[in-house]
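Data first, discussion second: the structure below is written as C-alpha cells.
The values are calculated or read from the model by the stated rules, or taken from the named source; none is laboratory data. This one's a predicted model, so the numbers in the text were calculated from it and none came from an experiment. Cβ atoms come from the backbone with ideal geometry, glycine included; neighbour counts cover every protein chain shown. For the accessible areas, the whole protein counts, side chains as well, though only heavy atoms, and no ligand, DNA or RNA atoms are used. Shrake-Rupley method; radii C 1.70, N 1.55, O 1.52, S 1.80 Å.
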Protein chains: 2
Amino acid sequence: MDKLKVVLDEKDMPRQWYNLAADLPTPLLPPLGPDGRPVKPEMLRPVFPDNLIEQEISSKRWITIPDEIRQILALWRPSPLYRARRLEKALGTPARIYYKHEGVSPPGSHKPNTAVPQAWYNKQFGIKRLTTETGAGQWGSALAFACALIGLECKVYMVRISFDQKPFRRLMMETWGATCVPSPSNETQAGRDILAKMPDTPGSLGIAISEAIEAAVTDPTGQTRYALGSVLNHVLLHQTIIGLEAKKQLKKIGEKKVDVITACAGGGSNFAGIAFPFLADKIAGAQIDIIPVEPQSCPTMTRAPFAYDHGDTAKMTPLLAMHSLGHTFVPPAIHAGGLRYHGMAPLVSAAIQDKLVTPRAYHQLKCYESAVLWARTEGFIPAPETAHAIACVIDEARKAKEEGKEKVILFCWSGHGLMDLSGYDAYFRGKLSDFALPEEEMAKSLAAIKDLPKPPTGCIKR
Amino acid sequence: MDKLKVVLDEKDMPRQWYNLAADLPTPLLPPLGPDGRPVKPEMLRPVFPDNLIEQEISSKRWITIPDEIRQILALWRPSPLYRARRLEKALGTPARIYYKHEGVSPPGSHKPNTAVPQAWYNKQFGIKRLTTETGAGQWGSALAFACALIGLECKVYMVRISFDQKPFRRLMMETWGATCVPSPSNETQAGRDILAKMPDTPGSLGIAISEAIEAAVTDPTGQTRYALGSVLNHVLLHQTIIGLEAKKQLKKIGEKKVDVITACAGGGSNFAGIAFPFLADKIAGAQIDIIPVEPQSCPTMTRAPFAYDHGDTAKMTPLLAMHSLGHTFVPPAIHAGGLRYHGMAPLVSAAIQDKLVTPRAYHQLKCYESAVLWARTEGFIPAPETAHAIACVIDEARKAKEEGKEKVILFCWSGHGLMDLSGYDAYFRGKLSDFALPEEEMAKSLAAIKDLPKPPTGCIKR
C-alpha cells in the first residue's frame, strides 16, 4: 500500500509558534493612530488583552504555546499531512503533492488554531466575554467553539445577508452557545446609524467589525474584548503551527526539500500558517516558490498598492501598512466569502514588498473546476477558498510535468466545503461567472486612501 | 498533557473483516423467497454481484480485505479513537469514555466503510453502474463518494421530501458526480404507479428502495446492480473494521477490558461495526454490556417482534428474519432520519434473540440535550443519530458515578451533524417534542406481517 497520511502523536505537536517579524529583511512598519503617529500598545488595551498585545508587537522569533492551549488543540492537532496521490495520477504529474488537512477541526477550518489561543489568553487576563464579526461564518463559528471549551461568552455580529442566507453557520455558533445577531443591529451606535440611513442594507464586514469593536470597548464592566480572525500579527503567529507541523511530517517521511508552497489568502492567516515557517528557510537562502492566491475579483495583493489604510469601513482601527484596495471597497459576491477582504495582513504585505512571496490571482470558475476534480479524485470536498489554492497546485503540477521535474508541492487545505455547497450548486447550474475588477472601479475605491499617510518608499534594510 | 487521541498508522489498519455469523450461538435463519422457501444465492444475482452474494451467505469467521480497498479506506482510516476527557469531567464520572470518530471520512459518517468495498466488488465483477436509495442522504452521499473514486456511475433515488428540504446532501452527491432524483420518480414502474395514485406523495424509503432495485434489475445491459447501506450481512461485515481498530487502539494504551459498548442502530450497521468484534469476546465468556440504541418513536428492537418481514414497503426483497415493526410502518418525522427504518439487521436481531445485546430506546429531546452537552465539552457536533448513543453514554457514565466504578465505556461516534443543523435549530426553538409509538398504531402496522411465515420459536443451539 502507498502511504497517504503522515500522522504525528499529540506529544509531537509544536511547543512554540514562529514569529516571522523576527526575520523579515525589512522591519515591519508600525500601525498609525488618527494623528498619523505610531500607535502605542496601551492604546489597544480597550480592544485586546495585554498578553495578546504583547504578542502583537513582539519581535521574538519563538513564542511558547502554553500546555493548556496545546491540550485543546490536541482535539484535532497535529492535523494529518496527506499526499494527494490520486490527483497526481489524474494529472500524470511527476510532482509529489502534499497537503495539510485543516478541515479536521470541529468547525472544519484552520480558524480555531487562533480562536483557541485568543480565547485562552483573554480568559487568563480575566475577560468574561468576546465579541467578533463574521461574514460567511467560518471565523464566528471557530470563536464560538473556542469560547464554549474555554468558558467565555461569545457575541458574533454576522453580516445580515449571510445571517439570512446561511443559517447553518449561525446554527453551529448557537450549538456552541454563542449569541449571533445580524449586522447592522440595533445594539450599537454604529449599527443604529447605518440602519437609520439604510434600513434595508445587506450589511458588510466593515460594518460588522465596527459593531463588534464598539460592543467590546463600551462594556461598562471592562470585561469584554474583541477578537479578530486574521490580518493581525498575533493571529498569523498562532497559525504557524500548521507549517511547523508540516516540516516535522515531511522530515518524518524523508522529504528534504519543498519546491512550491501555496495557500489561499483573504486576510492572510491561512497562508501565513503554512508558509511562514518555510519563509524563514527562504530568507536563509533556500529556493522555494511561495505563492499566496487570491480571487481576480478582489485583487488585493496582485493589483492594489502597498499603503496605509484602515482595517474597517468605519475607520475605527489604526492605519495598517498593507496592500489595500481601500477601506470602502465592496467586492462582488463571489462564493469564497473568506477572500473578500479589502486589505492583506501587514506581515504578508511586507513579505510581498520584500519579494519573498509571489502572489497570484485566479478566476472563480477555474477554482470550482479544480475543486470538483479534487473531490472526485481525493474525496474531501474543499471550501471555495481552499479551491483557490487547489487551482494553483494543479497549475504547478502541470508545469512540473511539462518541465519533467519531480517537484515537491505543499499546500494548506484550509477547510471543507460542506457548509458552502450552494456555491457548488450555482457552479453546476451555470450560474457563476468570472469577474475581473475594472481599473476604474479600483481607482474609485483607492481614492478613499489617497489622503492617508504613505509608507516610506524604498526598502529600509536592517 | 493528557492524551486525547489514539492514532494508528495506515499499515496497522485491519487486514480482515470479522463475520459474526461464524460465532452466533444460534445459526442465522435463511431469507425466504415469495414461495416461503429459503432464497437460493443465485436468485440474488440480478440485484448483487456474485462476490458480494458470497460474502452475504458466508460463515467464514475472517474475510480478507483486498489491499485496493484498504488503500482507499486509508484516506481517513484508521479513524482516531478519542477519550472524551472533557465530558468525563463535566459529568464527574470515574468512567473512562472512549469513542471512535467516524465523522472524519469525506462524507462525514461510517457509511463509506461499506460503500467503498461494495463499489469495489461491483467494479471487479464488471459492473458499470450502481443504484441505491437514500432518505436524509447519508448513505447516498457515501455511495456517490465511493463510486467517484472507484469509477462507477451512481444513481440515487432520494425520498422526495428530503430531496426538497435537504439540498445539501444532494449537492454532495452531485459534487461526486452522482445523479440524484426525487423518489417517486417517473423513471420506474414502481415510481409511476405511486405517482398515478398519489401525485403529491412526499415519498418514503420503502418506495425509493423499490425504484432503485427495479432500475438495477431492468437494465437491459445487465451492467447495473443495487447497493444497500445497512441491514444485510455483508454490509455489517464491512463495518466491523471500526471495532477491530478500536481493539487495537485500546490495547495500544493498555486498556485491558471494556465494560460497556454502545451505538445507535437504525438498520444496524454502525452498531454492528463497533460491537461485533467485542461480541466475539462476550460469546467466549467476557462480561460486557452491549447496548444498541434506537428512538422511542421507532422501537424496532425494544418493542417489535422477531418475525419474517420484507425489507421494503413494495415487498420486492426476500423475507428476512428480524425485529420488525412491519414493512408498512411509517415512523414520525424525527430528525434522526437514519433511525427511522422499520426493521433491524438479521445479525443484530439474532444477537438480541440470543440475549447477547440489550437494546434501549431514547426520546429525541434527551438526545438533543446530550448532543449539545457533547458539542460544548468535546467540540465536535454530532449527528442526531449519534446523539442517541451519546444519551446512553451519559446515562452509563452517571451510573458508574453512582456505583463508584471505574468503568470503561466505548461507543461509535457515527457521524457529524454539520448537515443536520436544522434539527438543532428546531430543538433550540422548542419545536421538537417526544413521541412514543402508541400500542394501537404498532398493532396496525404489525397486521401487515401476520400472514407471513413465522420464524421457529425457541433456540436452535448449534
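On a per residue basis, the stretch B:35-181 carries 33 Å² of accessible surface, using protein heavy atoms and a 1.4 Å probe. So, counting K/R as plus one and D/E as minus one, what does the shell of residues with Cβ under 13 Å around A:S183 add up to? Residues near A:S183 contribute -3 overall.
Of the accessible area of the protein assembly as shown, computed with a 1.4 Å probe over protein heavy atoms only, carbon and sulfur atoms account for 53 percent. A label point on A:W62, set 7 Å along the Cα-to-Cβ line, lies at 4.6 nm from each of its counterparts in the other copies, closest listed first. Cross-link pairs exceeding 20 Å between alpha carbons, from the set B:K40/B:K123; A:K252/B:K256; A:K60/A:K248; B:K5/B:K248: B:K40/B:K123; A:K252/B:K256; A:K60/A:K248. Residues of the stretch A:132-154 that bury at least 10 Å² of accessible area once all protein chains are present, compared with their chain alone (1.4 Å probe, heavy atoms only, ligands and nucleic acids left out), are A:A148, A:L149. When each of the peptides A:257-264, B:59-66, A:53-60, A:207-214 is scored by how many other beta carbons lie within 10 Å of its residues on average, the order from highest to lowest is A:207-214, A:257-264, A:53-60, B:59-66.
Only four residue types carry charge here, +1 at the Cβ of Lys and Arg and -1 at the Cβ of Asp and Glu. Report the dipole size of the stretch B:109-232 about the Cα centre in Debye, rounded to the nearest 20.
Values: 12 positive and 10 negative charges, 57 e Å.
Here the size comes out at about 280 debye.
Each of A:A280, A:M301, A:T358 was placed along the dipole of the stretch A:242-360 (beta-carbon charges, centred on the mean Cα), and the one lying farthest toward the positive end is A:A280. Per-residue SASA remark: B:V7, around 40 Å² accessible (1.4 Å probe; ligands, DNA and RNA not included). Charged side chains reduced to their Cβ positions (Lys and Arg at +1, Asp and Glu at -1) give chain B a dipole of some 1120 debye around its Cα centre. Sorted shortest first, the separations between the B:D35 label point and its copies elsewhere in the assembly read 10.0 nm; each point sits 7 Å from Cα along the Cα-to-Cβ line.
Of the cross-linked pairs A:K251/A:K282; A:K100/B:K247; A:K128/A:K315; A:K251/A:K366; A:K89/A:K407; A:K251/A:K401, those separated by over 21 Å at the C-alpha level are A:K100/B:K247; A:K128/A:K315; A:K251/A:K366; A:K251/A:K401.
Annotation for A:F125, label-to-label distances across the other copies: 6.3 nm (shortest first, one decimal, point 7 Å from Cα along Cα→Cβ). Across peptide A:167-180, the average count of Cβ atoms from other chains found within 10 Å of a residue's Cβ is 4.
Only beta bridges with both residues in the protein assembly as shown are counted; by DSSP, about 35 percent of them are antiparallel. The relative contact order of the stretch B:109-232, computed from alpha carbon pairs under 8 Å that lie at least 6 residues apart in sequence, is 30 percent.
Net charge dipole, the protein assembly as shown: roughly 1960 debye, given to the nearest 20, about the Cα centre with Cβ charges of +1 for Lys and Arg and -1 for Asp and Glu.
Among A:311-320, B:403-412, how do they line up by average Cβ neighbours within 10 Å per residue, starting with the highest? Don't skip to the answer; put the middle values down first.
Values: A:311-320: 21.7, B:403-412: 18.9.
Averaged packing, sorted descending, gives the order A:311-320, B:403-412.
For the pair A:D434 and B:D2, a Förster radius of 35 Å applied to the C-beta separation gives a FRET efficiency near 0.10, rounded to the nearest 0.05. Ellipticity at 222 nm from helices only: DSSP H runs of n ≥ 4 in chain B, each -39500 (n - 2.57), divided by the residue count, give -11500 deg cm²/dmol. Highest-first packing order for the peptide set B:160-167, B:376-383 is B:376-383, B:160-167, based on the mean count of other beta carbon atoms within 10 Å. Put simply, chains B and A cover up around 4500 Å² of each other's accessible surface, both sides summed, when a 1.4 Å probe is used.
With an 8 Å Cα cut-off and a minimum separation of 6 or more residues, compute the relative contact order for chain B in percent.
Contact order relative to length: 20 percent.
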